[in-house]
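The structure appears right after this line, and notes come after that.
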Amino acid sequence: MLRRSTARESPDQFWRAYDNEYESLKKQFSDPKDIDKRELQDRVLARMINTRVLLIAARRAGITVTEKELQEAIKNQPFFQRDGAFDPDLYKRKLKFNRLTPQAYESSVRNDMLITKMTRLITETVELSPDELKIIDSIKGGNKDQLSEVFRATKGSQMINAYIAAIKRQLDIKVNRDLIS
């Protein structure tokens, strides 16, 4: 059984995630007034909780990201490269411009990598049912491989959501909404 996480997300982390999501939505809506800010807050909060749950589960499962994996991931990000090679000065400048320390950024990248590994572990057993295979086979024309991948992705997403829900039932999750109101 998982123990209660003592990790806490800060209001700054919430508002940074909220602002990023809001900016993304503004591009989709012709009038920003159409964005339901309370619904957006709930969605961002739910995503942050789900992320924390997956990180707890990944650590409990013994999933890790080595320093070498982390360094390679950062070095391979195009926005830190100049002439196709990692540029440490560019890396530091871009982080400073975005008000991030290397430690905070690297922690974020590490967490993203842990979540990727955990979700792969959860979804690697996705198999299509005989009924789903019949549906795919019955379709004339089109790309059956693409449809198969859509089925697998949908089932994988459902598996991840079910896994997160099961872990949440084992945790004592407390949200202080006063900090984000």
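Any read-out appearing in this document is the output of simple, stated calculations on the displayed coordinates, not a laboratory observation. Just so it is clear, the model here is predicted, and its values are computed rather than measured. Here Cβ is always computed from backbone atoms with ideal geometry, including for glycine, and neighbour counts include all displayed protein chains.
By the count of neighbouring beta-carbon atoms within 10 Å, fewest first, Tyr18, Tyr105 end up ordered Tyr105, Tyr18. In this label model, Asn111 and Asp89 are separated by 3.2 nm, measuring between points 7 Å along each Cα→Cβ vector.
Relative to the longest principal axis of the Cα atoms of the chain, helix 11-28 runs at roughly 60 degrees. Quick check: the angle from helix 37-60's long axis to the longest principal axis of the chain, C-alpha only, nearest 10 degrees? The helix 37-60 is inclined about 80 degrees to the chain. For a straight C-alpha distance cut-off of 24 angstrom, the lysines reachable from Lys168 (same-chain residues fewer than eight places away being disregarded) are Lys117, Lys155. When only the Cβ of Lys, Arg, Asp and Glu is charged (+1, +1, -1, -1), the dipole of the chain relative to its Cα centre reaches about 580 debye.
Calculated FRET efficiency, Glu39 and Arg16, Cβ-Cβ r, R0 22 Å, to nearest 0.05?
Efficiency at R0 = 22 Å is approximately 0.75.
Highest average first, the peptides 135-144, 40-49 ordered by how many other beta carbon atoms sit within 10 Å of their residues are 40-49, 135-144.
Taking θ as phi - 60° and the Karplus parameters 6.51, -1.76 and 1.60, the scalar couplings of region 77-94 work out to 7, x, 6, 10, 10, 10, 6, x, 10, 4, 10, x, 5, 4, 4, 5, 5, 5 Hz in sequence order, x denoting glycine and proline. Spin-label pair Glu127-Ala73: with each label point 7 Å from Cα along the Cα-Cβ axis, the two points sit 3.1 nm from one another.
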